Structures are given as structure tokens and as C-alpha cells.
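First the structure, in the form of C-alpha cells, and then the observations on it.
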Amino acid sequence: MRRTEAEGHGPVRYGPPLPADGLPVLPELADVLARAAHRADAEPVGGGPALLEAARGYGERRGLPAGADRIVAGPGAPALLLALTAVLGGDVLVPRPCAAWWTPYARALGRPVFHVATPAECGGVPDPYALLETVRRVRDEGGDPRLLVLSVADDPTATVAPPEVLHEAVEAAAGAGLHLVSDETWRDTLHDVHDTVPVSPAEMLPEHVTVVTDLAGALLPPGWPAAVARFPAGPAGDGLHARVLDVLTALGARVAAPVAAAAAYALGEPEPVTARVATAVRLHARVAEAVHAAVVGAGALSLPPRAGRHLYVDLAPLRSTLSARGVGDAQDLEDFLGARLGMPAPGGHRFGDDLGALRVRLSTGPLLGTTDTERTECLTSPAPLELPHVHRALIHLRSVFDDLRDDAQRWEPSR
């Protein structure tokens, strides 16, 4: 396991953040934040009444009703997941690969983390048979698996789990006595809502699921940290809610008052917010489709992106040509592609994949331009891929992958 320590490549301090949208801040959001900038008082731990009521309405519109007394807000999803992990105790299970921010918090608490293989058609949820086998093995070895973290719309794979696949995984987890945390950060970024219907695990087994949503997925800029968690109904959910508030209090994990105002506005989904979300999703979907075509055309493997602002690429078919260029593992690949693309290309080892697997996550945000003027053009253009700066960025990306394909073809033995 070479070059994974903190000297420039550490797995936590140098891990990849959520893919940013690469777009200017929505003016209406900026106005709300600015109007609240004078507030010197802190939001209560767990969120104030206005923020919790907005979160309640947001969840209800998605088929997840809950009173404000079952909702908690925090300064980003990582703080909420840390609190949940601390409260639930035991060992943690996650899919392989998974979002880069899911596992550091468990390890910081000294909790073992076990990765479970995913089905062939999607990421984000474990294969149910692999999940049950992992739970059995961990318990046989004296472990105590209690928590499964999963996502319907996934980072890093940008896939959306079909309802039947999700249902099997949720049933297996509940049968194994696990509590589920459903990360629904990317739920509102589906590229085609008619192609894939998002279903929350909380709709299937409401007594066993806590839903966490980081608003940086669709509603807020990443630099304005805010997230909400919805707890199950009943005594177990009440106890979990109370203990999570205790942990957030101990951490001083409050949402900044101006950010809370902007978050409440965004969660209310007024027309400017819904219009921006829809436009941004269409834009990133087009760019992701173009990137997917480029990498697949070069011989790499990638499931079609269905959500978010990223895609996950496996360059195993190009291993020989990459090896000739000094790329032997995911860290080498991260360095190699990052330098040639001129944008971050975090390796699969950041997401729990094996270091030896040649996988990376590519984001679409860096391809939208380098200035607010260029990025705004992307939002307003009927043909954003034809804008000169986007076209140049895509041509450059395609040329990097085409060079790898051409090298592989030149070195193929003749038959």
C-alpha cells in the first residue's frame, strides 16, 4: 500500500469533497444569506423552528412525512453521520465503492468498517447475499455489525438503484438487525426522472431507516454547510433523535444563522430554486453523457451516469498502456489523470475500492468554465456543449483518453 500516507496523498485530509456544481451562486440565495448576515445569535443545536419546518415540508413532498420533532439539522452531512455512528455503536457496513466521507468518521470513533460488494447494475447499495455473508462472518469473528450506510442515488458511481434491487438489500439489512442510514444527498439530481424513479429505503421500512441529506447535493453551494436528518417514528427513533442532539451539542455542531436562513429558503423550494436545480441537472447530465461517451469510446468501462455531477470510470482494459506510463495503481492513476486533465480525478481507493484497481471518479463541474461569466453562459445556453470553453474542455478530455486507447492498440500483438 504505497503512497497513501499523509505526505500529499492521505486518505482523509487529502480525500475528495462532494463534486461541486461549478456554477455561480443563485442570486436569490445570496440575497437571503446577505439579509441574515447581521444575525449574531446562533441557531439552536439541531436547527431552529423555521429550518426544521422547511425540512419537514421538503421531506413530505417526497413521500417522507415526519414532524419537526423527528428532524435534526447540522453543519453538513458528515457531522450528522458522525453523531449517528457514535450513538448507534458497533461495526459499520458500507457498499464498495462508497462516498469518500462515509468511513473516516467511523474510524475516528474506533469503529471497524466493512465494505460489501454491490450488484453489477448499480452502486450505492450492497448485494443482499454479500451483505448477509459479511454480517455472518463479522459476527462469527466476534464483531458487532449494527449500521449500514447506503445511497439510492450514489456518489461515486452516479447510478440509481432500481427499486427491486434496493428492496432486497433493505430487507436483508433489516433481517440482519441493522439500522440503515440512507444518504439521499443526490436524490434531486436525477438526470431523467422518467427513466428512474427514486425510492427511499424509509418508504420501504420506515422503522429501520434514518435519512440524511446534505443540501450541497442540489440546493446549496458546498461552502455553505447544512444538512438534515429524518429519524424513524416510534420510541427507537425518539431515543436516537435525542442522543444525536446530545452528540451535536457536545461537538458544538450548529448551522450558522445566515446559512440556516438560506437553507430554509432553499428547502421551501420557491420557483427560483426549483428552476436553478432543474437547469443545473440538465446541464450536468449533458456533460456527463459526453464524458461517458469519451471514456467508453477509449475502451474504459463505466456505468451510464444517472444522477449527480460525476461518473466512475474503470481503466482496467487500458492497464498495459498505463503501466508503460508508470501507472500501477489508483494513486498513480489519480496523479496521472489529474495532471493531464488539469482537474481532480480522485482514485477509487478514496472510495473504498482496492488500491490496485484502476478506477477514478470524474466530475463535470470543472468542465463548465473557469469564470462566473463562462459558467453563467452554460446555464443560459440552449446548446452548452457547443460553447467554446466547454467544447475545448471536452476535446481535451477526449484527447487524453484517446491517446491511451491509441497506445493500447499500437501495442496489441498482431494476430
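Any read-out appearing in this document is the output of simple, stated calculations on the displayed coordinates, not a laboratory observation. Bear in mind that the values here come from a model prediction, so they are computed numbers and not experimental data. FYI the Cβ positions are ideal-geometry reconstructions off the backbone, even for glycines, and counts take in every protein chain you see.
Go through (1) of a type outside the set (Val, Ile, Thr); (2) on the phi > 0 side of the Ramachandran plot; (3) in contact with a Phe, Trp or Tyr (Cβ under 8 Å, 6 or more places away or on another chain) and name the single condition Asp155 misses.
(2)
Taking into account only those residues within the stretch 196-206 that are surrounded by fewer than 24 Cβ atoms within 10 Å (Cβ to Cβ) and aliphatic (A, V, I, L, M), which is farthest from Ala172 (Cα to Cα)?
Among those that are surrounded by fewer than 24 Cβ atoms within 10 Å (Cβ to Cβ) and aliphatic (A, V, I, L, M), it is Val197.
I'd like the residue in the stretch 205-228 that is in a strand (DSSP E or B) and not polar (S, T, N, Q) and, out of all such residues, is nearest to Leu180 (Cα to Cα).
Per the stated criteria, the residue is Val209.
Of everything in the stretch 129-144, what is surrounded by fewer than 17 Cβ atoms within 10 Å (Cβ to Cβ) and either of a type in the set (S, T, N, Q) or assigned to a helix (DSSP H, G or I) (or both)? Give them in sequence order.
Tyr129, Leu132, Glu133, Arg136, Arg137, Arg139, Asp140
Condition first: of a type in the set (A, V, I, L, M, F, W, C) and either over 24 Å from Glu141 (Cβ atoms) or surrounded by fewer than 24 Cβ atoms within 10 Å (Cβ to Cβ) (or both). Now tell me which residues in the stretch 95-105 satisfy that.
Ala99, Ala100, Trp101
Within the stretch 396-415, which residues are assigned to a loop (DSSP other than H, G, I, E, B) and acidic (Asp, Glu)? Give the derivation first.
Our first condition is that a residue be assigned to a loop (DSSP other than H, G, I, E, B); within the stretch 396-415, this holds for 412-415.
Glu412 - this is the single residue of the stretch 396-415 that is assigned to a loop (DSSP other than H, G, I, E, B) and acidic (Asp, Glu).
Can you pull out the residues in the stretch 229-241 that are surrounded by fewer than 23 Cβ atoms within 10 Å (Cβ to Cβ) and either part of a helix (DSSP H, G or I) or at negative phi (or both)?
The answer is Pro232, Ala233, Pro235, Ala236, Gly237, Asp238, Gly239, Leu240, His241.
So is Val181 assigned to a strand (DSSP E or B) and crowded, with 23+ Cβ neighbours inside 10 Å or not?
yes
Count, please, the residues in the stretch 43-53 that happen to be aliphatic (A, V, I, L, M) and under 19 Å from Gly223 (Cβ atoms).
Count: 1.
Among Val193, Val255, Val209, Val244, which is crowded, with 21+ Cβ neighbours inside 10 Å, within 19 Å of the chain's Cα centre (by Cα) and not basic (Lys, Arg)?
Val209
Based on this model, can you work out whether Leu29 counts as surrounded by 15 or more Cβ atoms within 10 Å (Cβ to Cβ) and in contact with an Asp or Glu (Cβ under 8 Å, 6 or more places away or on another chain)? Walk me through it before giving the result.
Numbers: surrounded by 15 or more Cβ atoms within 10 Å (Cβ to Cβ): yes; in contact with an Asp or Glu (Cβ under 8 Å, 6 or more places away or on another chain): no.
Considered against the rule, which asks whether it is surrounded by 15 or more Cβ atoms within 10 Å (Cβ to Cβ) and in contact with an Asp or Glu (Cβ under 8 Å, 6 or more places away or on another chain), Leu29 comes out as no.
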